[in-house]
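Visitor: Below you will find the structure I want to go over with you.
Every number in this text was worked out from the coordinates using simple rules, so none of it is lab data. Worth saying up front: this structure is predicted, and the values here are computed from it rather than measured. Cβ sites come from the backbone with ideal geometry, for glycine too, and all protein chains shown count toward neighbours.
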Amino acid sequence: MRRSDCRSYAVTAVASLCLFAACAAVHSPTRTTSPSLAETAWQLVKIQGSDGTTLTPDDKAKYTIAFKADGSLAARLDCNRGRGAWKSPGPGQLHMGPMVLTRAMCPPGSLQDRIVKDWGSFRSYAVKDGRLYLSMADGGVYELEPIPGA
């Protein structure tokens, strides 16, 4: 085999590998990002506990959170409303400050008490396939979806 043929094969092989890698990156079926949460609003889909339990709301619209650009947030937790603060000190990092919450007695089966208990445990977030995932210190995860029309 001639030297020029070897170079030609090497160039072809390298070009093929680069093309394959580019196609693999473009055709990735899911995408996880950590965009800013500012000016976004979400409703709860489910809570996946670190112990394997899954809790789902009877009505997603009863459990919402809206992140404001000024670092404040507004939340609906079933029959109660709350206001608080949030910050993201780095990509994918999340800290939720204390929340002032109305204290109406919600009906049996409400997830409000669980959410209040977990509130200070959120440590990170990711957006994957248009959904927001809030991860807690104990390994539990809240899954939220955008509020329609928000």
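Visitor: With respect to the numbered conditions (1) part of a strand (DSSP E or B); (2) more than 14 Å from Thr102 (Cα to Cα), which one is the sole condition not fulfilled by Gly52?
Guide: Result: Gly52 passes all but (1).
Visitor: Moving to a separate point now. Which of the residues belonging to the stretch 109-134 are in contact (Cβ under 8 Å) with a residue 60 or more places away in the chain, part of a loop (DSSP other than H, G, I, E, B) and more than 14 Å from Gly82 (Cβ to Cβ)?
Guide: Across the stretch 109-134, the qualifying residue is only Asp129.
Visitor: Identify, please: which residue in the stretch 55-78 is assigned to a loop (DSSP other than H, G, I, E, B) and free of Cβ contacts under 8 Å to residues at least 40 places away in the same chain and is, among those, nearest to Asp138 (Cα to Cα)?
Guide: Ranking the candidates gives Thr56 first.
Visitor: For the stretch 58-65, state whether one or more residues are more than 25 Å from Pro35 (Cα to Cα) and loosely packed, with under 15 Cβ neighbours inside 10 Å.
Guide: Among the residues of the stretch 58-65, at least one is more than 25 Å from Pro35 (Cα to Cα) and loosely packed, with under 15 Cβ neighbours inside 10 Å, which makes the answer yes.
Visitor: Run down Gly97, Gly139 and say which single residue is within 19 Å of Gly71 (Cβ to Cβ) and within 19 Å of the chain's Cα centre (by Cα).
Guide: Gly97
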